[in-house]
Amino acid sequence: MNPDWLSYGPLMLRAAGLTLWLSWLAMLIGALGGTGIAFLRTSRFRGLRLLALLYTEFFRSVPILIVMFFCYFGVPLVFGFDVSSFAAATIALALHASSTMSEVVRAGIESVGRGQWEAAQAAGMDRVQVMRYIIGPQAIRVVLPPSVGVFITTLKESSLASIIGFIELTKTGLLVRESTDGGLVPLLALAALYFIINYAISLVGGRLERRFHIGSRSDLVGAMG
Amino acid sequence: MSPVLTLDGVVKRFGARTILDGISMDVSPGEIVCFVGPSGTGKSTLLRCVNGLEALQGGRIIFEGRNVHESARSIADVRKRVGMIFQHFNLYPHLTALENVMLAPVIVHKEAKPAVEERARALFDKVRLSHRINAYPAQLSGGEQQRVAIARALAANPHLLMFDEPTSALDPETVGDVLAVMRDLAEEGRTMLVVTHEIRFAVDVGTRMVFMDQGKIVEDSDPKEMLANARTDRARQFLSSIRG
Amino acid sequence: MGYTFTLRTIYPYLGELGHAAWLTLSLSLLSIGLSLIVGAGVAVLRRSRSRLLRALGTAYVEVMRNTPLLVILYIIYFAGPGLGLRLSSFAAAVIGLSLNSAGYMAEILRAGLIAISAGQFEAADAQGFSRLQTFRYIIFPQVFRTIYAPLGNQIIAVILASSLASAVAVDEVTAWMQTTGSTSFRFFETFVVAAIVYLVLCQLVNLGRLALGRLLFRQGESLR
C-alpha cells in the first residue's frame, strides 16, 4: 500500500507555519525579557544582579522539557487556571530563550567600548539617552547574528510542544504517520522540513554576520535542542 | 675530506612553478654556508628539502653518504642528525623551555631522562638562558625563544645545523643575542647552513656565501670576496641594494 | 489558592527517582563518550584532502545542528524494527543522543585543531617525531587546552538533552517527574525535585571542570 504522500503536503506546511509562529512569538518575548534581564545583570544594585544571575543559571541548568511540563500540568494545579498547550509551550520556550538572550545582549552591551559611554555622558546625555542613541544601535549589530542562532534553537525546541499535545509540525508528522500505518517517510519528511527551514535561517544569519563584520559567539548558542 | 652534504641536480616544483631549478653543490664539514638572495628564490625550500620536509621532483640529496629521500626510514634517520631552526621559532607552547629542549631526545632518540636533562641544562648555559628554563614560550621574548630553539636543535647532537632566516622575525635589539650564539657555534667547528638577510653576519662568520636567484645558484664564493668583487651582475646588484 | 507545597507527599516516590537519576547519568555518560568518538571521526573527515569526504563531514554537522533532537530520536526509535534490529528504548536514546551530540563535538574539535599553527607540525617533523608521537606529545595537549571549556559545556548540554529520552519511553528523571506528577497530582513538588537533580548534575560538572582545570593546567589560565 502506497499512501498518497503528497496529499499530506499542505497539512505539513500549515503545521510548519504554526511552528514558525510559535517560535517567533517565544523568541520575541524571550528577546524582550532577555534584554530586561541583561539590564538587571549590569545594574548598580547587588540584589538585582544576583537575581538576574540566579535566573540565568537556573534556566541554563534545567531541561526545557520539565519547565514545559510544569507550565502545562503544574500551573493549573497550583494556581487554578487552565493553560493551553500553546501557552505553556510559548512560556517555556520564552523563558529559556530569555536566559540565553540575556547573555547575548549583555555581551553586546559590553562590546561597545567604555569610551562611547564617556563621550556621550560628557556631552550631557543621561543614562537612558546614551543607551537609546549611542549604545543601543551599536550593540544591536553585535547582538543580531547570535540571535539568529537562538531563534534556530527555539525552533528546534518547539518540537517538544508535541509532547504536551500541541499540534505543531512534529505532532502533525506523528499523526500522519499513525494514519498511514507507521513507516519512516513522515518522520524523514519532518526532518527534511526542519532542516530546510533552519538551514535557510542560518544562511540569513551568516549573511548578517558578514554584513556586520562580527563573528558570532557560538559558545553561547550551542544548545542541542 | 668527503662532503657532509651533496646536492645533485635538485629540482623542486610547486604545481606549475619551478622553485629549485637544478641545484648542485657540496658542503664539507665545518663550513658555514650562508644563502642570500631576493625573497622567494627557493632558499628556504632548499633547506626544507635537505631534511625531507619537502619532496623532490628531480635530482638527489646525499647526507653523510645516504640518499635522503630514498625512504621514510632514511628521512627519519636524517632528521635525527640534522637540526633545524625556524624563522618563527615553533617552540611547543604547552611545554616549558626545558621540556621543549628535552622532548625529542627522550621521545625520538629514546635516551634516558637524567642524561638528557644534564645535557639540556648545559645547553641553556651555552645560550645564556639558564635563568629561564622553567618559563613557558609565551613568557619569553622573541630572541629568548629563538635561543631556546637553538638549544632544542643542539640537544639532539646534530651533525648539521640549518637556520631558516633565524633573525627575520626578531626585534633589532635581540638579533645580536641570537647572532652571538650562532657565532659561538661556528667557532666550535659545526657545519651550518644559514638562510639570512644579515650580510654582515655572512661576511664575519660565514665561510661561504651562495647567492641564489630564480631557483638557481648564481654565485658561490668567499663572502668577503663576493661583497667586494662580485663576479656576476645580479649578485653585485643585489648586494649593493642591501647595503644601500 | 488551595495548593500547599509539601515535599513529604512525594517521599514514597523518591526510590524510583534514584533509579531514574541513574538512567539519566548512564544515558548521558554513554552518549558523551560515543559522541566524542564519532565527533572525532567527523572532525577528521572535515580536514580530509578529498572534497567528497569534507562535504560529507560538513553535511553531517549541518544536519545535526538543524534537525530537532526529538525528531532524530523518533526516527531511530521507529526505524529500528524496520531495519530488523530490536532496539531497546535506552539503546535508541543513546544512539540518537550520541549522533546528535557528535555534530557539536566535531565542531568543538575542529576549532581546537585549527588553533594549532602549521609550524608546530613542521618543527615536530624536523625533529623526527613520528605521526603518532607528534599527535600524542605536541598536538593533543594543545588541542585539549583549547577545547576544555567548550567540552564542559557540551557535557552539560548532553545531560539536559537526555530529558528527551522520556519521549521514547526511557524512565529517566524527566519521565519520573511526569509519572509521579500524574499519579500524585503534586506537579510542583516533582518539578522542584527534578530541577534540583539536574541543577546538581550540571553544577557538579561545572565545578569539576574548574577544579580539574586548575590541576591540569599549571599555568593557571582562566578557562571560562
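What follows draws every value from the coordinates through simple rules; no lab data is involved. Note that this is a predicted model, so its numbers are computed, not measured. Counting neighbours? That spans all protein chains shown, and the Cβs are built from the backbone with ideal geometry, glycine included.
Across region B:173-178, computed HN-Hα scalar couplings (Karplus, 6.51 cos²θ - 1.76 cosθ + 1.60, θ = phi - 60°) run 5, 8, 4, x, 4, 5 Hz from first to last residue, x flagging Gly and Pro.
Out of the chymotrypsin sites (Phe, Trp or Tyr not before Pro) in region A:27-63, which ones are loop residues according to DSSP with at most 12 other C-beta atoms within 10 Å? When the chymotrypsin sites (Phe, Trp or Tyr not before Pro) of region A:27-63 are filtered for loop state and at most 12 Cβ neighbours within 10 Å, A:PHE45 remain. Each 10 Å bin from zero holds the following percent of Cα-Cα pairs in the protein assembly as shown: 3, 12, 19, 18, 14, 13, 11, 7, 2, 1, 0. Towards the positive end of the charge dipole of the protein assembly as shown, with charges on Cβ (+1 Lys, Arg; -1 Asp, Glu), say which of B:HIS88, B:LEU161, A:VAL83 has the farthest Cα. So the residue furthest toward the plus end is A:VAL83. Here the Karplus relation 6.51 cos²θ - 1.76 cosθ + 1.60, evaluated at θ = phi - 60°, turns the backbone of region B:143-156 into coupling constants of x, 5, 4, 5, 5, 4, 4, 5, 4, 4, 5, 5, 4, 8 Hz, with x for every Gly and Pro. Which whole-number percent gives the relative contact order of chain C, counting Cα pairs below 8 Å spaced six or more residues apart? After rounding, I find 28 percent.
Peptide C:155-164 has a mean of 4 when you count, residue by residue, the C-beta atoms of other protein chains within 10 Å of its C-beta. Under a point-charge model restricted to the Cβ atoms of Lys and Arg (+1) and Asp and Glu (-1), what is the dipole moment magnitude of chain A relative to its Cα centre, in debye to the nearest 20? Magnitude of the dipole: close to 840 debye. Placing a pseudo-label 7 Å from each Cα along the Cα-to-Cβ vector at C:ARG214 and C:THR183 gives an inter-label distance of 4.3 nm. Neighbour counts of C-beta atoms inside 10 Å place A:MET101, A:MET27 in the sequence A:MET27, A:MET101, starting with the fewest. Residues with amide H under 5 Å of C:ARG47's amide H, sequence separation 5 or more or different chain, H placed in the peptide plane at 1.01 Å from N; which? Those qualifying (amide H under 5 Å, at least 5 residues apart or on another chain) number zero. Given C:VAL44, C:SER130, C:VAL71, which one lies farthest toward the positive end of the charge dipole of the protein assembly as shown, if we put +1 on the Cβ of every Lys and Arg and -1 on the Cβ of every Asp and Glu? Of the options given, the answer is C:VAL71. To the nearest ten degrees, helix A:46-60 and the longest principal axis of the Cα atoms of chain A are 20 degrees apart.
If you take the alpha carbon radius of gyration of region A:9-212 and divide it by 2.2 N^0.38 Å, what ratio comes out, to two decimals? For region A:9-212, the normalised Cα radius of gyration is 1.20. Simple point charges give the picture: +1 on the Cβ of Lys and Arg, -1 on the Cβ of Asp and Glu, and for the protein assembly as shown a dipole about the Cα centre of about 420 debye.
A Förster distance of 56 Å, applied to the separation of the beta-carbon atoms of A:ILE140 and B:ASP204, puts the FRET efficiency at 0.35. Overall, chain C carries a charge dipole of about 640 debye about its Cα centre when +1 sits on the Cβ of Lys and Arg and -1 on the Cβ of Asp and Glu, all other atoms neutral. As a rough footprinting exposure proxy, the listed residues B:ASP213, B:ASP222 were ranked by other beta carbons within 10 Å of their own, and the order from fewest upward is B:ASP222, B:ASP213.
Computed over region A:69-225, relative contact order equals 26 percent, with contacts defined as Cα pairs under 8 Å that lie 6+ residues apart.
In terms of overall dimensions, chain B has a Cα radius of gyration and Dmax of 17.9, 55 angstrom.
Helix A:136-157 sits at what angle to the longest principal axis of chain A, using alpha carbons and giving 0 to 90 degrees rounded to 10? Roughly 20 degrees between the two axes.
Close amide H partners of B:ILE19, meaning residues 5 or more places away or on another chain with modelled amide H under 5 Å apart, are B:LYS12, B:ARG13, B:PHE14. On full extension, the segment bounded by B:ARG13 and B:ARG121 gains 34.7 nm, given 0.36 nm per residue less the C-alpha separation. Which one of A:THR100, A:VAL128, A:LEU160 is farthest out on the positive end of the charge dipole of region A:9-212, using unit charges on Cβ (Lys, Arg +1; Asp, Glu -1) and the Cα centre as origin? Ranked along the dipole, the leading option is A:VAL128. According to the Cα-based calculation, Rg over Rh for region C:29-155 is 1.06, with Rh computed by the Kirkwood formula. The trypsin sites (Lys or Arg not before Pro) of region B:171-244 that meet both conditions, a loop assignment by DSSP and at most 13 other Cβ atoms within 10 Å of the site Cβ, are B:ARG231. The calculated FRET efficiency for the pair C:ILE37 and A:LEU28, based on their C-beta separation and a Förster distance of 60 Å, comes to about 0.90. Look at C:SER130, C:SER28 and count the other Cβ atoms within 10 Å of each Cβ; fewest to most, that gives C:SER130, C:SER28.
Using equal-weight Cα scatterers in the Debye expression, the normalised intensity of chain C in log10 at q = 0.18 Å⁻¹ is -1.29. Global dimensions of region A:70-166 from alpha-carbon coordinates: Rg and Dmax equal 18.9, 56 Å.
The mean number of partner chain beta-carbon atoms within 10 angstrom of a residue's beta-carbon across peptide C:102-111 is 1.
Modelled spin-label separation between A:SER179 and C:SER26, with each label point placed 7 Å from Cα along the Cα-to-Cβ direction: 4.0 nm.
Mean per-residue shielding of peptide B:84-96 is 5, counting Cβ atoms of other chains within 10 Å of each Cβ.
Which ³J(HN,Hα) values in Hz, rounded to whole numbers, follow from the phi angles of region C:38-50 under the Karplus curve 6.51 cos²θ - 1.76 cosθ + 1.60, where θ = phi - 60° and Gly and Pro get x? Each residue of region C:38-50 in turn: 4, x, 4, x, 5, 4, 5, 4, 6, 9, 5, 7, 7 Hz. Taking the helices alone, the protein assembly as shown has a mean residue ellipticity at 222 nm of -20000 deg cm²/dmol, built from -39,500 (n - 2.57) per DSSP H run of at least 4 residues and averaged over all its residues.
For the listed residue pairs B:LYS110/B:LYS216; B:LYS43/B:LYS80; B:LYS80/B:LYS224; B:LYS12/B:LYS110; B:LYS43/B:LYS126, the alpha carbons are over 30 angstrom apart in B:LYS110/B:LYS216; B:LYS80/B:LYS224; B:LYS12/B:LYS110.
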